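Below you'll find the structure, written out as C-alpha cells, and then a few comments.
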Amino acid sequence: MKVCDVVLNSIWYDPRVRKQIIEYKNQGVEVCCVGLRCNRFDEEQIKKIPVPVNVVSIDAKYDGKQKGIIRKLIRERKKFQVVKEAIIAFAPDVIHANDLNALIPAYAASRELKCRLVYDSHEINTDNYTGKKNLLLKAYYKSLESRLVHKVDLMISVSHAAADYFAREYHIRKPMVITNCALASENVSQPVEKNEGFEVLNHGVFYAGRGYDLMVEAAPLLKECPEVKLALRGFGKIENQLHKRAEELNATNVIFYPKVKVEELIPLAAGSMVGVAITEPVCLNFKLSVSNKLFEYAAAGLPVVMSDIPEHRYLNEKYGIGVIMKENTPACFAQAVKKLYGDREFYNACVAGARRMSDEVNWENEFSKLIEIERSLCGEN
C-alpha cells in the first residue's frame with residue numbers, strides 16, 4: 001500500500017501530519033508527502049522528514065494577498081492544480097487529505113488515479129475562528145464539504161463531539177475519531193524534579209479564547225496560596241497585552257516562559273504540577289474541538305483544569321483527569337486550582353487518571369486503527 005499524505009502548508013508545521021508520517025513509516029507503509037509552500041517554509045526542517053516529499057508552489061505573482069475576487073480565485077485554482085499534479089506524480093493507492101482545503105485537489109487527483117480517498121478533518125472548517133468573518137466564504141465551503149464527504153472512502157474527525165456534528169449535519173455515517181493525542185514514546189514515566197512551588201501551566205500560542213488572559217486575571221485571587229504559581233509558556237498576538245495586565249495587577253505569582261521547540265513541551269510540562277486546557281466556545285469549531293495540550297499534559301502526568309466543552313467532559317468522565325470549570329471566569333479558575341492544590345488525595349487520583357489516559361489514548365494505538373482500515377480498502381489483509 002502506498003499512501004500520499006497531503007496538506008496545504010509546508011508540512012513540517014502540522015504536528016498531526018508529522019505524527020502520521022512517523023506512524024506510517026513505523027508500520028511499514030510506503031508513504032510520500034505533498035505540501036504547499038507557505039511563508040514558514042524551512043528547507044532544513046523538510047530534510048528531516050524521512051520519506052519522499054514534494055512541497056510545491058505557484059507563481060509569485062499569484063501568491064500572497066491578491067486584490068479582487070478574480071485574482072483570488074485564480075490563486076486558489078493554481079494552488080489546487082499544482083497540488084493535484086504532485087499527488088498524481090506519486091501515484092498512490094490511498095490519498096490522505098488533511099483538512100478541507102487539501103481535500104479539494106485530493107478529490108480531483110483520486111478521480112484521475114481511481115484510488116482510495118481519506119478525508120482527515122482537523123476542525124470544523126466551515127465555522128472556525130477566522131471563517132466566521134466571511135459569511136459568503138463560509139457558505140461556499142459548507143456547500144463544497146457537504147458534497148465531497150459523500151464521495152470519500154473514509155472520513156476522520158479529531159473528537160467525538162465533532163464526529164457527531166458531521167454525522168448529523170451531512171447525513172453520513174459517524175466519522176472515525178482519531179484525536180490529537182501524544183506519541184506513546186513521549187509519555188514521561190520516571191519521577192521528574194518539579195519546579196518551585198505549585199506551578200499551574202498553560203502552554204501554546206497566546207491568542208484569545210485559550211485562557212491565558214483568564215489566568216492573569218485570576219492571579220490576585222490565588223495570592224492567599226503563596227505556593228501557587230501561574231506559568232504561561234509560549235508566544236503570540238496577545239503576549240504584550242498579557243505582560244502589561246500582569247504588571248497592572250502586580251501579579252508576582254505569574255511567570256512567563258519563552259517559547260520552546262514542540263518536542264520540548266511535554267518534558268518541560270512535567271516540571272509543573274497542573275496543566276490548563278481552556279477553550280472558550282467563541283465558534284463551533286472551538287466548542288467541538290479538543291485541546292492538543294490536554295494530551296500533552298496527560299503524557300507529562302499532570303492533572304488538568306479544563307473548560308466545559310463536550311470532549312473535555314467526555315474524557316474527564318472516562319478517565320478522571322482533573323477539574324472542569326463551571327464557567328470560564330477568573331473565580332471559577334481559581335476555585336479549580338485550589339481544589340487540586342488543597343486536596344492531595346483528589347490530586348493524586350487525577351494524576352493516575354491522566355497516566356491511564358496517556359497509556360490508552362496515544363497516537364500509536366489510535367493511528368494503527370486507521371492503517372488497518374486503509375489496508376483493507378486496498379484489499380490487503
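Taking 26 Å as the straight-line reach from the Cα of Lys65, the lysines in range (excluding those fewer than 8 positions away in the same chain) are Lys78, Lys79, Lys84, Lys132, Lys133, Lys138, Lys142, Lys237.
Rounded, prolate or oblate, given the Cα gyration tensor of the range 177-311, with a/c below 1.5 counting as rounded? Verdict is oblate for the range 177-311. List residues of the range 29-61, by number, whose backbone nitrogen lies under 18 Å from a label position 7 Å along Cα→C-beta of Ser368. 29-30, by backbone N distance to the label point. Accessible surface area normalised per residue over the chain is 47 Å², counting heavy atoms of protein chains with a 1.4 Å rolling probe.
Show that you can apply the helix-only estimate: for the chain, add -39,500 (n - 2.57) for every DSSP H stretch of four or more residues, divide by all residues, and state [θ] at 222 nm to the nearest 500.
Values: 15 runs with 168 residues, N = 381.
Estimated from H runs of four or more residues: -13500 deg cm²/dmol.
Helix 310-319 axis versus longest C-alpha principal axis of the chain: approximately 70°, rounded to the nearest ten. Of the peptides 297-307, 229-239, the order by per-residue mean of other Cβ atoms within 10 Å, starting with the highest, comes out as 297-307, 229-239. Angle of helix 15-26 to the longest C-alpha principal axis of the chain, folded into 0 to 90 degrees and rounded to 10: 70°. As a fraction of the 1.4 Å probe accessible area of the range 161-316, surface on carbon and sulfur atoms comes out at 51 percent.
log10 I(q)/I(0), Debye, Cα-only the range 226-381, no solvent, q = 0.15, 0.17, 0.18 Å⁻¹? Each listed q corresponds, in turn, to -0.89, -1.11, -1.22.
Apply the a/c threshold of 1.5 to the C-alpha gyration tensor of the range 117-251 and tell me whether it is rounded, prolate or oblate.
Details: a/c = 3.44, a/b = 1.79, b/c = 1.92.
Judged from the Cα gyration tensor, the range 117-251 comes out oblate (a/c at least 1.5, b/c at or above a/b).
Sorting the segments 333-346, 181-194, 278-291, 91-104 by their residues' average number of neighbouring beta-carbon atoms within 10 angstrom, most packed first, yields 91-104, 278-291, 333-346, 181-194.
The peptide list 367-379, 252-264, 72-84, put in order of mean Cβ contacts within 10 Å with the highest first, becomes 72-84, 367-379, 252-264. Seen against the Cα atoms of the chain and their longest principal axis, helix 135-148 is set at about 60 degrees.
Given contacts defined as C-alpha pairs under 8 Å and at least six residues apart, what's the relative contact order of the range 271-359, whole-number percent?
On the way: 133 pairs, mean separation 26.5, N = 89.
Relative contact order of the range 271-359: 30 percent.
The values are calculated or read from the model by the stated rules, or taken from the named source; none is laboratory data. Given the structure is predicted, the values throughout are model-derived calculations rather than measurements. No Cβ is skipped: glycine too gets one built from the backbone with ideal geometry, and neighbour counts run over all protein chains shown. Side chains included, ligands, DNA and RNA excluded: accessible areas come from the protein's heavy atoms. Shrake-Rupley method; radii C 1.70, N 1.55, O 1.52, S 1.80 Å.
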